[in-house]
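As structure tokens, the structure follows; a few thoughts come after it.
The values are calculated or read from the model by the stated rules, or taken from the named source; none is laboratory data. Predicted model only: the values in this text are computed from it and were never measured. Every residue, glycine among them, receives a Cβ derived from its backbone with ideal geometry; neighbour counts consider all protein chains shown. Accessible surface is based on the protein model in full, side chains and every heavy atom, while ligands, DNA and RNA are left aside. Shrake-Rupley method; radii C 1.70, N 1.55, O 1.52, S 1.80 Å.
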Amino acid sequence: MSSRFRPGRAPGPLPDVATPSPRIAARSLVHQNPFATVAAVHADFGSFAKDYYVVDFGPRAGIVAVSEDRVLLTAQYRFLVDRVAWEIPGGRVDDGESPEQTAQRECLEETGFSCDDLHPLVTYRPGLDNVENLTSVFYSERVEARRPFQPDPAEVLSLAWVPLEDCVSLILEQRIGDALTISAVLAYRCIVARRGKGNGRPAPRS
């Protein structure tokens, strides 16, 4: 095995695969705005080289807020699809915040509902080469209305409490297309299934 490769330990039942170990040049800032940076990076693998352009949006967090087997979704206009999209509450992690705090804050700000007793659900990256946007998702089954919902044309237009199984159907019908919401809802559905409730109803809390 070449010294330019290091053994990679794969999780669970996946086989180990040798991992290329490139020489990586310093990042060069290409663009910066209040929401993201773009950096160019050259990686030399020996027999080949790659240039990466990494868009860094910073970390974000989202929450699956559940009450009586229903998931709280928000309606927001999304530019790339030029229509209203239904999504779980979430947003960028501010400086000094934990992802859990962000998830709670975003839900309260966007919907007027507070979430307690948060549980980690899934953590993922939207892209592993070119997008830096580490996303942490939580779920809460202790949701309480704290203030009336106020629609905001620049943010959340409406709310809906949607049964979990209907959320799954909307995903499979491609009527929910937001990656954060798809990942979060399906992960939560797996949690429900592991509780031994195949009908989508969370087990009673002890």
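The single condition among (1) assigned to a helix (DSSP H, G or I); (2) on the phi > 0 side of the Ramachandran plot that residue 101 does not satisfy is (2). Report yes if residue 20 is free of Cβ contacts under 8 Å to residues at least 60 places away in the same chain and surrounded by 14 or more Cβ atoms within 10 Å (Cβ to Cβ), otherwise no. Answer is yes for this residue.
For the range 146-162, the tally of residues that are within 20 Å of the chain's Cα centre (by Cα) and either acidic (Asp, Glu) or more than 22 Å from residue 80 (Cα to Cα) (or both) stands at 4. Is it the case that some residue within the range 143-159 is outside any loop (DSSP other than H, G, I, E, B), touching a helix residue (DSSP H, G or I) at 6+ places or on another chain (Cβ under 6 Å) and modelled with pLDDT of 95 or more? Yes, the conditions are met somewhere in the range 143-159. Taking the range 109-129 as the range and being touching a residue at least 24 places away in the same chain (Cβ under 8 Å) and part of a loop (DSSP other than H, G, I, E, B) as the test, the residues that pass are 112, 117, 118, 126, 129.
Let's see how each residue does on (1) open to solvent by 20 Å² or more (accessible area, probe 1.4 Å); (2) in contact (Cβ under 8 Å) with a residue 12 or more places away in the chain:
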| position | (1), (2) |
| --- | --- |
| 98 | yes, no |
| 131 | yes, yes |
| 143 | yes, yes |
| 151 | yes, no |
| 158 | yes, yes |
| 183 | yes, yes |
| 188 | no, yes |
| 192 | no, yes |
